[in-house]
Amino acid sequence: MEAINKHKGKVFPLNRTNIDTDQIIPKQFLKRIERTGFGQFLFYNWRFDNDGGLRDDFELNHPRFEGSSVLLAGENFGCGSSREHAPWSLLDYGFKVIIAPSFADIFYNNALKNGMLLIKMDEKQISEWMNQAEDGTFILKVNLEKQEITDDEGTVVTFDIPAYHKEKLLNGWDDIALTLQLKDRIEEYENSKLA
Amino acid sequence: MGKPKTIIEKIWEKHVVHQEEGKPDLLYIDQHLVHEVTSPQAFEGLRLSGRKVRRPDLTYATMDHNVPTKNRDNVKDEIARKQMETLRENCKEFGIKLADIFHPDQGIVHVIGPQLGLTQPGKTIVCGDSHTSTHGAFGALAFGIGTSEVEHVLATQTIWQERPKTLNVKVEGDLGPGVTAKDLILAIIAKFGVRFGTGYVMEYTGDAVHQLSMEGRMTICNMSIEAGARAGLISPDETTVEYLRGREYVPKGEAFEKAAKEWLALATDEGAEYDETVVINAAEVEPQVSWGTNPSMCVPIGGTTPSLDEVEHKEDVRRALEYMGLEEKQPITSIDIDHVFIGSCTNSRLSDLQKAAAIVDGKRVKYGVKAIVVPGSFSVKLEAEKLGIDKVFTDAGFEWRDSGCSMCLGMNDDIVPPGGRCASTSNRNFEGRQGNGARTHLVSPEMAAAAAIEGRFVDVRKFTAGVLN
Ligand code: SF4
């Protein structure tokens, strides 16, 4: 996984709560056996109409949000299925940072494993940013090391993140390699069960 | 005697392989279940890094999500076929047992685990599927994981997990006649919302829970994820032990009696404390119907859709009603349906089918309604056929299919068309879940059966008593 520390990007406000994984990527696109190429299917039913044309009632389709890489959303983002295709599609589309009041557990883990930065922030702050981001020119700068987000005017907001997650993201560690350093412990555990 | 403990703490402590200040615990996994959709990238990852599956003997695979439920010998969907073939090859290469599409043990992964006795009290069980919570019905700690975690478990047989907080979902009183486990869990989610379980493992307690059959308990635990909890469980009791006796993968003879004793000892101790408790009175629960686009948007059959003036998140409710093609304050019994789906890992076991069959017996599906029954596993299908249940359904005008996830998520051909309205025994009513533009109403098998006959939602209690208005 790629390490992430600083990110600066255009903000896309998605003012909905309980955005579930079926909305993030519908099931008909889960049949691929690769990890890549899922961005084209992101928010498919919101972005495209039944004939595959772009819908103009979904803001992400608007040119002013082109190149967005920071997503603002309502609470419980990513609820539903365990499909890792959800973070794969968000990342592949270009979103590197998601800021929401809360995230569903499995989605949070899946995103983390792919080097995507999820930030929990209070609803009031998010709704302020949502308003500012409406016109498609709002940029946020995220510094993970310092746990700070800076807006266009230089206002700084801090955020919390578990130290362990932060360390992993900053270093881009491969989880399996880390765990395999504990191979002896695993063996010991297995042997104790056999005894 | 030490401090009284919950079953959650007991299972956790028995599985910690490694612990370090400020980090999650490394937990050992006793049973890993695998299916075709969330595993290909994990196996590919193993191959790329030259790793093996650490414990193929603790890993079991099946195909369920995109298998067709009819004409199985001719899978038309190329990409689905590729995914199934990939699983076949991966299982062969890495030495994993697979219940393939024509294998007698094939079925929805959360139906076959318990049926084979792979699911046992005290085990840690994971699967690349959020409804792995189902297995908690046996007093196992079971939760869904993503594909990177699948790869991690394949390679190490362990997983990093933060110690969860514990939540007691206490069900007081008894369920009324005609009210099912499905109604209970829907009512719980309607009352406390789709987030109240986030960060917790829930234990369902109370007489009403322990009076339920194992199949009813699975229905409840299955939907824990819909309340935000990764895992939900029920302490094992005699019902649990009796269900498991004689199943293929449980110990036999004396070893079984010994295991049974250990299982019963796992139950939460008297006086154990939880981080949080919520209480619901079972006697107040009525048959439920969901009206919206998440499982908490749910009311009793006698109720109506909400009024926008009375709700907190107006925009969400307005969007949900619009998607569902419903008005505010619309009576649930005024909603006509055109599809009925009886199936999914929530409600596709033998007793679910028996109860639905009892409702449709001797009646006809309403003209214009397409109704299908999809047994949860091949073996459920065979047992049902032995009892003649398939005949009851087909005589009434239902289609009787082969096992799989089917219309629960519509990854195969079983989809509800845009604007179609389905009474479904599954667990998610998200936008587009059963097909692009499809409208899903979550109900119990009995309520789905009654809706099939009437072509609209009816109170199954009045239906069986013959006093419909
Ligand atoms: S039946 Fe539905 S919810 Fe259950 S495993 Fe299959 S797709 Fe998932």
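Here are the numbers for the structure shown:
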{"item": "Segment B:336-376: trypsin sites (Lys or Arg not before Pro) in DSSP loop, at most 15 other beta carbons within 10 Å", "result": "B:364"}
{"item": "Whole-angstrom gap from segment B:60-92 to segment B:142-186, using each part's C-alpha centre", "result": "27 Å"}
{"item": "Distance from segment A:72-106 to segment B:195-216 (C-alpha centre basis), Å", "result": "27 Å"}
{"item": "All-pairs Cα distance distribution in the protein assembly as shown, expressed in whole percent, bin size 10 Å", "result": "3, 16, 27, 28, 18, 6, 1, 0"}
{"item": "Set of segment B:257-293 residues, backbone N closer than 13 Å to the point 7 Å along the Cα-Cβ line of residue B:207", "result": "B:282-283"}
{"item": "Cα-centre dipole for segment A:6-194 with unit charges at Cβ (Lys and Arg positive, Asp and Glu negative), debye to 20", "result": "460 debye"}
{"item": "Calculated on alpha-carbon atoms, Rg and Dmax of chain B in Å", "result": "21.5, 67"}
{"item": "Straight-distance crosslink candidates among aspartates and glutamates, where the alpha carbon sits under 18 Å from residue A:141 and sequence neighbours closer than 8 are dropped", "result": "A:66, A:122, A:128, A:151, A:152, A:153, A:160"}
{"item": "Debye-sum result for segment B:7-277 in log10 I(q)/I(0), which assumes one identical scatterer on each alpha carbon, at q = 0.10 Å⁻¹", "result": "-0.52"}
{"item": "Hydrodynamic radius by Kirkwood, which averages 1/r over all alpha carbon pairs of segment B:1-108, in angstrom", "result": "16.4 Å"}
{"item": "For the protein assembly as shown, accessible area per residue (1.4 Å probe, heavy atoms of protein chains only), Å²", "result": "38 Å²"}
{"item": "Cleavage-rule hits (trypsin sites (Lys or Arg not before Pro)) in segment B:160-245: DSSP loop, at most 15 neighbouring Cβ within 10 angstrom", "result": "B:245"}
{"item": "Dimensionless Rg over Rh [segment A:6-194; C-alpha; Kirkwood]", "result": "1.03"}
{"item": "Residue-span extension gain [residue B:311 to residue B:465] - 0.36 nm each, minus C-alpha spacing", "result": "52.0 nm"}
{"item": "Sites residue A:187 and residue B:255, calculated FRET efficiency, Cβ-Cβ separation with R0 35 Å, nearest 0.05", "result": "0.90"}
{"item": "Charge dipole of the protein assembly as shown about the Cα centre (unit charges at C-beta), most positive-ward option of A:82, A:33, A:126", "result": "A:33"}
{"item": "Share of carbon and sulfur in the accessible heavy-atom surface of segment B:287-463 [1.4 Å probe, %]", "result": "49 percent"}
{"item": "Diffusion coefficient, µm² s⁻¹, Stokes-Einstein with Kirkwood Rh over alpha-carbon pairs of segment B:287-463 at 37 °C and 0.692 mPa s", "result": "206 µm²/s"}
{"item": "Cross-link partners of residue B:370 among lysines (Cα-Cα below 28 Å; sequence separation of 8 or more within a chain)", "result": "A:27, A:31, B:70, B:76, B:182, B:329, B:355, B:381, B:386, B:391, B:462"}
{"item": "Total charge dipole magnitude, the protein assembly as shown, about the Cα centre, Cβ charges on Lys, Arg, Asp, Glu only, Debye to nearest 20", "result": "1260 debye"}
{"item": "Shielded by partner chains, segment B:206-238 residues - at least 30 Å² of accessible area, 1.4 Å probe, vs chain alone", "result": "B:230"}
{"item": "Chain B, helix-only ellipticity at 222 nm - DSSP H runs n ≥ 4, -39,500 (n - 2.57), divided by all residues, nearest 500", "result": "-9500 deg cm²/dmol"}
{"item": "Given charges at beta-carbon only (K, R positive; D, E negative), |dipole| of chain B in Debye", "result": "800 debye"}
{"item": "Where GluC sites (Glu not before Pro) fall in DSSP loop in segment A:32-126, at most 12 other Cβ within 10 Å", "result": "A:34, A:66"}
{"item": "Prolate/oblate/rounded call for segment B:413-469, Cα gyration tensor, a/c under 1.5 rounded", "result": "prolate"}
{"item": "Shielding by partners - mean other protein chain Cβ count within 10 Å, residues of A:174-183", "result": "6"}
{"item": "Listed residue (B:147, B:432, B:297) projecting farthest to the positive dipole end of the protein assembly as shown, Cβ model", "result": "B:147"}
{"item": "Heavy-atom accessible surface of segment B:1-50: percent carbon and sulfur, 1.4 Å", "result": "53 percent"}
{"item": "Average beta-carbon neighbours from other chains, 10 Å sphere, peptide A:70-82", "result": "5"}
{"item": "Share antiparallel - DSSP beta bridges, the protein assembly as shown, percent rounded to 5", "result": "30 percent"}
{"item": "Residue with peak Gaussian network fluctuation, chain A [Cα springs, cutoff 10 Å], from A:78, A:52, A:136", "result": "A:52"}
{"item": "Between segment B:271-334 and segment A:135-183, the alpha-carbon center distance in angstrom", "result": "37 Å"}
{"item": "Cα-based equivalent ellipsoid of segment B:330-429: semi-axis lengths in Å, sorted from largest, via gyration tensor", "result": "21, 17, 12"}
{"item": "Partner aspartates and glutamates for residue A:193 [C-alpha distance under 17 Å; skip if fewer than 8 residues away on the same chain]", "result": "A:184, B:13, B:30, B:57, B:262"}
{"item": "Antiparallel DSSP beta bridges within chain B, as percent of all bridges there, nearest 5", "result": "25 percent"}
{"item": "Highest-fluctuation residue, A:175, A:22, A:135 considered, GNM on chain A with Cα pairs under 10 Å", "result": "A:175"}
{"item": "Number of partner chain Cβ atoms within 10 Å, mean per residue of A:100-111", "result": "5"}
{"item": "DSSP beta bridges in segment B:287-463 [antiparallel fraction, %, rounded to 5]", "result": "30 percent"}
{"item": "Integer Hz, Karplus 6.51/-1.76/1.60 couplings in order for segment B:238-245, x for Gly and Pro", "result": "4, 4, 4, 4, 5, 4, 7, 3"}
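The values are calculated or read from the model by the stated rules, or taken from the named source; none is laboratory data. Everything numeric here is computed off the predicted structure, so don't read it as measured data. Neighbour counts run over all protein chains shown; Cβ positions are idealised from the backbone, glycine included. Heavy atoms of the whole protein, side chains included, go into the accessibility calculation; ligands, DNA and RNA do not. Shrake-Rupley method; radii C 1.70, N 1.55, O 1.52, S 1.80 Å.
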